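Here's the structure we're looking at; comments come further down.
The values are calculated or read from the model by the stated rules, or taken from the named source; none is laboratory data. If you're wondering where the values come from, they're calculated on a predicted model, not measured in any experiment. Every residue, glycine among them, receives a Cβ derived from its backbone with ideal geometry; neighbour counts consider all protein chains shown. Areas reflect the complete protein model, heavy atoms only, side chains present, ligands, DNA and RNA absent. Shrake-Rupley method; radii C 1.70, N 1.55, O 1.52, S 1.80 Å.
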Amino acid sequence: MSVLLQDLVAEQAERSPEAPALVDRGEVVSYGDLAAWSDRLAGLLYRAGCRPGDRVGLLMPKSWRAIGAMLATLKCGAMYVPLDPASPGARLARILAACENAVLLVAGSGTERLVGELGALVPAATSVLGWLDDTAPAGPLHATFTTQDVEQAPAADPGVRVSPDAGAHILFTSGSTGAPKGVVVRHASVLHFVRWALDYFGTTRGDRISGQPPLHFDLSTFDVFGTFAAGATLY
């Protein structure tokens, strides 16, 4: 039985590698491909110095690559921090400062924000910048690695294992008191919730789950990890 969240995909990839894990705007990503892509990214992160307990910011829209980046972060024993590219710059700046991210992974609309109003903040907030967009980095920013590097890297899981009580991700509150506050969510907590949800909803391998909430909202944990635990397909 899975003890860490990334095990959910590894188990499905071993059992049925060709089974569809994600459908993203018509692109189908199998469990085998998702496991391999996240292994490649995890290897790059680990070689760049990402270690257990580090925080990895994800400044990118919801996509199969964003979910792959979540898995890659977990494979390094680190915690991912989903960031909303549409959030005001001041809010993103507060979150980056609070997390002291060792790594920032950027794609999509997040690239423009990073080059623009957040560009000056990045050098102080992170030592590793992963550019997961199809375009080349712009402006003065230097990417430690890009999407092309991920595609060419060997698909080898770093093999880092942490306690189920270790943090898996940090979700930030809406900031109703004036400042967003981060909540550390453990592997064990999410797995406990997922096991309850599977039993309650009876999700099976043939089901298709519609992923509506953004990744920085807590209900997305049901969509992502509930789907993977059942071997179903997330749309």
Would you kindly derive the ³J(HN,Hα) couplings of the range 17-29 from the backbone phi angles with the Karplus curve 6.51 cos²θ - 1.76 cosθ + 1.60 (θ = phi - 60°), listing them in order in whole Hz, with x for Gly and Pro? x, 8, 5, x, 9, 9, 10, 10, 6, x, 7, 9, 10
Suppose R0 equals 22 Å. What FRET efficiency, 1/(1 + (r/R0)^6) with r the Cβ-Cβ distance, do residue 134 and residue 23 give to the nearest 0.05? 0.70
Using 1/(1 + (r/R0)^6) with R0 = 22 angstrom and r between the beta carbons of residue 127 and residue 152, what's the FRET efficiency to the nearest 0.05? 0.45
Ordering 31, 200, 235 by how much accessible area each has at a 1.4 Å probe, largest first, what is the list? 200, 235, 31
How charged is the neighbourhood of residue 4? Take every other residue with its Cβ under 13 Å from the Cβ of residue 4, and add Lys/Arg as +1 and Asp/Glu as -1. -1
Which order do you get for 75, 181, 62 if you rank them by accessible area with a 1.4 Å probe, largest at the top? 181, 62, 75
Calc'd 3J(HN,Hα), the range 156-164, phi into Karplus 6.51 cos²θ - 1.76 cosθ + 1.60 (θ = phi - 60°), Hz, glycine/Pro = x, comes to 10, 4, x, x, 7, 10, 10, 5, x
P(r) of the chain over all Cα-Cα pairs, 10 Å bins starting at 0, rounded to whole percent, reads 8, 35, 38, 17, 2, 0
With a 1.4 Å probe and every protein chain left in place, work out the accessible area per residue of the chain in Å², rounded to a whole number. 44
Most mobile of 206, 32, 130 in a GNM of the chain (Cα contacts under 10 Å): 206
Stretch residue 201-residue 143 to full length: gain in nm at 0.36 nm per residue minus the Cα-Cα span? 16.6 nm
3J(HN,Hα) from dihedral phi, the range 91-104, Karplus parametrisation 6.51/-1.76/1.60, rounded to Hz, x for glycine, proline: 5, 4, 4, 5, 5, 4, 5, 5, 7, 6, 4, 6, 9, 10
For the range 191-215 versus the range 18-89, the gap between their alpha-carbon centres in whole angstrom: 19
Using a 1.4 Å probe and counting only protein heavy atoms, arrange 172, 201, 228, 193 so the residue with the most accessible area comes first. 201, 193, 172, 228
If the chain between residue 14 and residue 90 were fully extended at 0.36 nm per residue, the gain over the current Cα-Cα distance would be 23.0 nm
Assuming a ≥ b ≥ c are the square roots of the Cα gyration tensor eigenvalues, decide whether the range 157-222 counts as rounded (a/c under 1.5), prolate (otherwise, with a/b larger than b/c) or oblate. oblate
Grab the DSSP H runs of the chain that are 4 residues or longer, score each as -39,500 (n - 2.57), total them, divide by all residues and round the 222 nm result to the nearest 500 deg cm²/dmol. -10500 deg cm²/dmol
How many percent of DSSP beta bridges within the chain run antiparallel, rounded to 5? 30
For a quick check: with amide H placed at 1.01 Å from N, whose amide H comes under 5 Å from residue 21's, ignoring anything fewer than 5 positions away on the same chain? 29, 30, 31
